[in-house]
1. Scan the range 382-401 residue by residue and report those that are in a strand (DSSP E or B) and within 26 Å of the chain's Cα centre (by Cα).
2. Go through ALA130, ALA111 for me and flag whichever is within 29 Å of TYR85 (Cβ to Cβ), in contact (Cβ under 8 Å) with a residue 24 or more places away in the chain, among the small types (Gly, Ala, Ser) and touching a Leu at 6+ places or on another chain (Cβ under 7 Å).
3. Evaluate the following for THR403: is it within 16 Å of ALA344 (Cα to Cα), assigned by TED's automatic domain parsing to the domain that holds LEU320 and among the β-branched types (Val, Ile, Thr)?
4. Tell me, which helices (runs of 4 or more DSSP H) lie completely within the range 244-315 with 2 or more residues that are at pLDDT below 95?
5. Suppose we filter ILE374, ILE365 for residues that are surrounded by fewer than 19 Cβ atoms within 10 Å (Cβ to Cβ), hydrophobic (A, V, I, L, M, F, W, C), within 22 Å of LEU262 (Cα to Cα) and in contact with a Pro (Cβ under 8 Å, 6 or more places away or on another chain); which single one remains?
6. I'm told ASN373 meets every condition in (1) in a loop (DSSP other than H, G, I, E, B); (2) out of contact with any Asp or Glu (no Cβ under 8 Å at 6 or more places or on another chain); (3) closer than 19 Å to LYS322 by Cβ; (4) touching a residue at least 40 places away in the same chain (Cβ under 8 Å) except one. Can you identify the failing condition by its number?
7. Among the residues of the range 132-171, write down those that are β-branched (Val, Ile, Thr) and either buried (at least 20 other Cβ atoms within 10 Å of the Cβ) or over 23 Å from PRO298 (Cβ atoms) (or both).
Amino acid sequence: MKKAYMAPNIERNSAGNMNKYGAKSVVRHQDNIEGVPINDLVKEYGSPLIVLSEAQMRKRYRRLQDVMQMHYPKVELAWSYKTNYLAAVCSIFHQEGARAEVVSRMEYEMARKLGIEGKDIIFNGPGKSAEALRIAIEEDALIHIDHLDELYLIEKLAKELDTIPQVAIRVNMDTGISPQWSRFGFNYENGEAYRTIQRLLSGKAMNLRGLHTHIGTFILDANAYYWAAKALLELASRIQQDHGIVMEYIDLGGGFASQNTLHSQYTPGEFASPSFDQYAEAIGNAFNESQFVRENLPTLVLETGRALVDEAGYLISSVLGKKNLPTGERAVILDAGVNTAITAWWYKLKVNPTRSFPGAYQNTIFYGPLCMNIDIIRPAVPFPDLHFGDKVLITPAGAYNNTQWMQFIEYRPRILLICETGQVELIREKETLQDVNARERIPEHLRTL
């Protein structure tokens with residue numbers, strides 16, 4: 001069989017040391033997802049296409065639950081809706097036993113529509129409206145207070161509704177992570193958190209049930225959770241000593257890293273990201289050292305999202321064209337861009353061919369179809385030559401892409417779920433023009449062209 005022709009190219013090489021993984025990486029192809037051929041999926045549902053694995057989501061959830069309970073027996077997980085609020089995805093985690101963690105009225109309503117009762121919803125976020133708080137108070141949801149204006153508003157609503165809201169306060173602290181997330185909640189070190197608790201208790205308008213923190217996102221130092229847990233437990237102990245009130249739960253939020261690789265990282269994510277065991281050990285050490293825990297056994301709440309779903313998501317994309325750039329690098333244009341995979345802006349997403357390729361590698365930049373220069377799915381990476389219509393698999397893509405994706409230039413694609421049985425289910429249809437302009441109104445004088 002005649003070999004495929006590859007045009008010669010001149011590639012710029014910069015002097016310097018190789019990294020410990022060598023000069024080039026071997027690109028391995030992947031032609032199926034959970035045993036379902038990628039070509040069959042594209043043939044039936046088109047390209048681009050997002051595919052999610054039910055089996056991987058359930059496996060990750062159960063693994064985290066088991067590992068945490070090895071270090072501390074009283075653990076509850078809450079599914080972070082902002083990570084991926086597809087109804088099918090949320091339902092998988094709720095079937096596994098997760099509560100709902102929401103940060104807006106929209107997400108609150110999503111959880112309620114799925115049948116989650118108010119008492120099983122944790123309402124976080126700095127932008128809760130009066131209308132949203134009213135509903136949450138009436139339905140007995142757990143409200144995590146972010147700032148003093150919110151505290152005052154909850155007091156007013158409690159008086160109007162003649163009820164006692166169930167609340168916690170959000171606390172921020174220095175855990176060695178940079179940048180420190182100080183914009184959310186009340187500071188621990190300068191005493192702001194404790195003063196807020198004193199103010200809350202003096203109002204006698206609400207029931208303080210717990211303490212909450214969320215120290216950041218994609219935390220690569222598991223030990224940061226030790227210091228976060230230690231601070232909240234010390235604060236809980238002081239509240240008990242001074243006011244005789246026992247915190248029912250300590251909520252350490254989310255932030256566990258997936259195995260994606262940040263653009264700023266040197267080491268690949270599968271080596272750099274802590275395991276569930278490392279996160280659990282750090283948290284468990286803080287809990288098991290605490291006298292408050294030994295006396296009261298509070299519930300440990302985690303709001304993990306990314307680490308449960310990122311690796312369960314795949315983006316299939318097809319090659320629209322290619323060209324050689326003046327730098328000597330190859331440019332490949334895909335039919336999926338950052339409008340679909342917005343996490344490409346902070347991750348070095350993996351791009352794998354879906355069939356084997358012979359021949360030499362060339363540094364290749366993967367662009368999307370958008371008419372904007374920053375539509376880059378993956379900066380230059382050694383890759384075999386691709387041709388029009390070839391398909392690539394982009395991973396991990398399960399977290400934040402379909403909650404932050406943009407309706408920009410292109411319609412958003414279909415989303416599939418590969419069930420544990422191997423059956424393929426369409427869980428979100430592709431957009432149409434009607435979806436895009438359904439909310440628009442044209443003034444009468446503009447209707448005639």
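The values are calculated or read from the model by the stated rules, or taken from the named source; none is laboratory data. Everything numeric here is computed off the predicted structure, so don't read it as measured data. Reconstructed Cβ throughout: ideal geometry from the backbone, glycine too, with neighbour counts over all protein chains shown.
1. Result: LYS391, VAL392, LEU393, ILE394, THR395.
2. ALA130
3. Taking the combined requirement at face value, the residue satisfies it.
4. Qualifying helices (runs of 4 or more DSSP H): 269-272.
5. Checking each option against the conditions leaves just ILE365.
6. Here ASN373 meets the rest and fails (4).
7. ILE135, ILE137, ILE143, ILE145, ILE154, THR163, VAL167, ILE169, VAL171
Table: residues versus (1) closer than 30 Å to ILE38 by Cβ; (2) touching a residue at least 60 places away in the same chain (Cβ under 8 Å); (3) surrounded by fewer than 24 Cβ atoms within 10 Å (Cβ to Cβ); (4) out of contact with any Gly (no Cβ under 7 Å at 6 or more places or on another chain).
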| position | (1), (2), (3), (4) |
| --- | --- |
| TYR249 | no, yes, yes, no |
| GLY255 | no, no, no, no |
| THR261 | yes, yes, yes, no |
| GLN265 | yes, yes, yes, yes |
| PRO274 | no, no, yes, yes |
| ASP277 | no, yes, yes, yes |
| PHE292 | no, no, yes, yes |
| GLU303 | no, yes, no, no |
